[in-house]
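The values are calculated or read from the model by the stated rules, or taken from the named source; none is laboratory data. Not measured: the values here are computed from a predicted model. Positions of Cβ are backbone-derived with ideal geometry, glycine not excepted, and every protein chain shown enters the neighbour counts.
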């Protein structure tokens, strides 16, 4: 007689060619050091046959506490959210964990998350994972999240990978009800929706519970990320609960002394037209409903593409300026321009003064980055 699962693990797979990766993921669940019943809910799209647990892992490795159910969703295509919703709706365990077929758990991953959830009483537990990047024969490994979780970091980009969280089932059901349709990057939206419900329990960023495998094939899907991220942030940021309430974020995050110092620095630099420099760049202005503007763009030294640009500032008015955050190469920009050259990304959310100007500082001079038409 099988006991009711304490954790339902929702796995997603879209193509039968992913079976080798799926077997690795299932094996990592079978090898968990965890005494409580666990069930895998495999959600697939248009798989040719119904899978059972012996199809995916050696019988001698399967503990008696592990059970398995395969559910195929016809015509889900590449909609990860369709599969995610299906798994959440079929789940019955008090806790849910999400593990895509190309990722895997560490042996103590489930026990670490479950113990934290049971002891804290939180609806959401956030740990960290190892980011494993495969580029040909080179494999690199580093913590996905480099520091603490914050509302500010989450509004810049998703710092919480999906396989780093444990979610109370009731919270997950509420989250998908609040988000009836999400696009390719629905994981980010679901995390923000969960953070809008109540504060999470966050483990130290040194606590890694799984591996997140990033391959070069993923980059072909990144073109829609920016637009979806902005729409998701706009919907959820006013109600985020951790650790600064979203409605108060901008006012609390501003540093008037630093803004004045940066404005003084800009004013002291000579201005040259961008066309007269080797620098090229682009910026998008996205007005938000709360009176802020989201800035997102890239820049590059065309003569020395690998050399970094010194800094990018947003001038709010003559006496206040904000240093925008740097980020990694924009894969979507590279694809759109059909180039492999790396570009320095930058982004930030600032108060909309009505005349925000973006300046690129390079080689001791400043150049105005024109607004797109």
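Points worth noting:
- For the stretch 114-131, a tally of residues being over 19 Å from residue 197 (Cα atoms), surrounded by 19 or more Cβ atoms within 10 Å (Cβ to Cβ) and modelled with pLDDT of 95 or more returns 1.
- Filtering the stretch 1-35 to residues that are in a loop (DSSP other than H, G, I, E, B), over 19 Å from residue 81 (Cβ atoms) and touching a residue at least 12 places away in the same chain (Cβ under 8 Å) leaves 2, 3, 4, 5, 6, 31, 32, 33, 34, 35.
- Residues of the stretch 1-30 classified as in contact with a helix residue (DSSP H, G or I) (Cβ under 8 Å, 6 or more places away or on another chain), at pLDDT 90 or above and over 20 Å from residue 93 (Cα atoms), total: 1
- If you check 281, 345 for being surrounded by 14 or more Cβ atoms within 10 Å (Cβ to Cβ), in a strand (DSSP E or B), at pLDDT 75 or above and over 22 Å from the mean Cα position of the chain (by Cα), only one passes: 281.
- Residue under evaluation residue 145, criteria (1) at pLDDT 85 or above; (2) assigned to a loop (DSSP other than H, G, I, E, B); (3) in contact with a strand residue (DSSP E or B) (Cβ under 8 Å, 6 or more places away or on another chain), criterion not met: (1)
- Of all residues in the stretch 36-56 being assigned to a loop (DSSP other than H, G, I, E, B) and at pLDDT 90 or above, the one that is surrounded by the fewest Cβ atoms within 10 Å (Cβ to Cβ): 52
- Residue 119 within 26 Å of residue 203 (Cα to Cα), assigned by TED's automatic domain parsing to the domain that holds residue 209 and free of Cβ contacts under 8 Å to residues at least 12 places away in the same chain: yes
- Of the residues in the stretch 211-222, at least one is modelled with pLDDT of 65 or more, in contact with a strand residue (DSSP E or B) (Cβ under 7 Å, 6 or more places away or on another chain) and under 19 Å from residue 113 (Cα atoms).
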